[in-house]
1. Could you list, in their original order, any pairs among Lys264/Lys353; Lys248/Lys298; Lys140/Lys160; Lys219/Lys277; Lys158/Lys264; Lys160/Lys219 whose Cα atoms are separated by more than 22 Å?
2. How far is it, in nm, from the label point at His199 to the one at Glu109 when both lie 7 Å from their Cα along the line to the Cβ?
3. What's the FRET efficiency of Lys63 with Ile167 using the Cβ-Cβ distance as r and R₀ = 30 Å, to the nearest 0.05?
4. Once you compute Rg and the Kirkwood Rh from C-alpha atoms, what is the Rg to Rh ratio for region 203-335?
5. Could you give the length gained by full extension between Ala355 and Asn189, i.e. 0.36 nm per residue of separation minus their alpha carbon distance, to one decimal place?
6. Can you work out D for the chain in µm² s⁻¹ from Stokes-Einstein, where Rh is the Kirkwood radius over C-alpha pairs, the temperature is 10 °C and the viscosity is 1.306 mPa s?
7. Taking the Cα centre of region 1-156 as origin, sum charge times position over the Cβ atoms of Lys and Arg (+1) and Asp and Glu (-1), and report the length of that vector in debye to the nearest 20.
8. Once both labels are modelled 7 Å past Cα along the beta-carbon direction, what's the Arg364-Lys85 spacing in nm?
Amino acid sequence: MYARSEHTISRSQVSDNALKVLYKLKKEGFDAYLVGGCVRDLLLGREPKDFDVVTNADPEEIKKIFRNCRLIGRRFRLAHVHFGKEVIEVATFRGKGDEQNEKQLLNKEGRLLRDNVYGTIEEDVWRRDFTVNSLYYNIKDYSVVDYVGGMEDHQAGKIKFIGDAEIRCKEDPVRMLRAVRFAVKLGFNIDEECQKAIHENSSLLASIPPARLYDEMLKLFLTGYGLQTFEMLRHFGLFQILFPATEKSLSVEEEGFPKLFLIKALQNSDNRIGDGKTVTVYFLMAAFLWEPLQTIAKKLLSQGVIEYMAYQDAANEVLSKQVKLTAMPRYITTAIRELWTLQPKFNTRVGTKPAKLLTHPRFRAAYDFLLLRAETGGAEQELAEWWTRYQSANEYEQRKMTQPSRNRKTGLKRNHRRSNQNKSKDTP
Ligand code: ATP
Ligand code: MG
């Protein structure tokens, strides 16, 4: 235990609503602690994303104490206490698991299927993933309770499983992704035993339901550390489980382009997040799957399939395989398709088509995608520049830019004409 004077957490860093919940539980005679990511982030002087509370009150008791409370979760019942937009999650200590009463179920690979036994704080700690995620801030005396050496690992900057790394990976393979995510986000190193367990068990990730992997994937790639995360996931053989087609395209890369393209895409979104701008998952997914799409489409084209059909079929194939791994909502796959379909349309620079393309709701994203391709050699730089100029031109200039005679000078490529021939069919 670290007394109030032996750690750096102060109540002024804790959200008022979380404090309200903690004090109220205490007043009702229960134990109450902050736990998990928020304690970890507070110790690092970072602003926590959210505040999680644990208590010895069971969900029904919690519900009686807070009017603004909802019980959620099937695998493990939790209380959500609502304060406007802020939600404080209040969980009951989890118990050790008692195989006899079958409340905790493991499948044959050792994965935890059901887990609904309440217990004490000493038992709760063993349910958590990493030592640095298992520190408890006690509202009773403002101390930090540490059963697993989490404080030392904090100081050493170490991500370390609680207990046997191999068993913990098998129980819940998503923990391997979490290890990578926290290592990158906190700038910590993954403990050696933990590294070994991840290397050896990466394939178990394939058994996780696609919807859960989708959620994890968002946290991995859309929170500002996408590029480093990508590199580390590849290092551990985890990326190939999540995105096998992408991994394959990286291993057969020609002149480094596919990899460069992905790196640029990830760097772009990391920078955007750093600048406080929004990023979309569909843009990144369109980039991840662009090379696999090209490979299939090219094969179909060589078999004589017309361009538009080749890309449609390739998109279907790539996306239907990917959603089996990381389920994506329909509106996301629709957006990916649109982004892809708009790419060949940039080749048309004469007539009324460019003006129409400009008004497409996904024009901006598609243009950004074109820039990215141009930057990494996947599209003509000159084409991207033309569209940059075209957008900022006034109406008169725009009309001039799209006159056929003018374009002849810049030299339309043969394949531009070909895509023009198909353009009547080429509508999404
Ligand atoms: P973040 O800053 O991303 O929210 P976090 O550590 O709070 O990080 P959560 O997913 O919010 O992560 O989980 C809260 C806590 O619950 C974790 O700190 C950890 O102690 C525990 N936990 C979450 N997921 C798992 C898991 N798969 N296995 C074991 N413990 C877990
Ligand atoms: Mg959290």
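1. On the way: Lys264/Lys353 29 Å; Lys248/Lys298 16 Å; Lys140/Lys160 28 Å; Lys219/Lys277 16 Å; Lys158/Lys264 29 Å; Lys160/Lys219 20 Å.
Among Lys264/Lys353; Lys248/Lys298; Lys140/Lys160; Lys219/Lys277; Lys158/Lys264; Lys160/Lys219, the Cα-Cα distance tops 22 Å for Lys264/Lys353; Lys140/Lys160; Lys158/Lys264.
2. Taking the simple label geometry, His199 and Glu109 are separated by 2.1 nm.
3. On the way: r = 34 Å, r/R0 = 1.13.
Efficiency, from the Cβ-Cβ distance: 0.30.
4. On the way: Rg = 14.9 Å, Rh = 15.4 Å.
That ratio equals 0.97.
5. Numbers: separation 166, 0.36 × 166 = 59.76 nm, distance 5.14 nm.
Working it through step by step, the gained length comes to 54.6 nm.
6. Working: Rh = 24.6 Å.
In µm²/s, the coefficient is 64.
7. So the dipole magnitude of region 1-156 works out to roughly 680 debye.
8. 1.9 nm
FYI, it's all coordinate maths here, none of it is from the lab. Computed from a prediction, not measured in an experiment: that's the story for all the values here. Neighbour counts run over all protein chains shown; Cβ positions are idealised from the backbone, glycine included.
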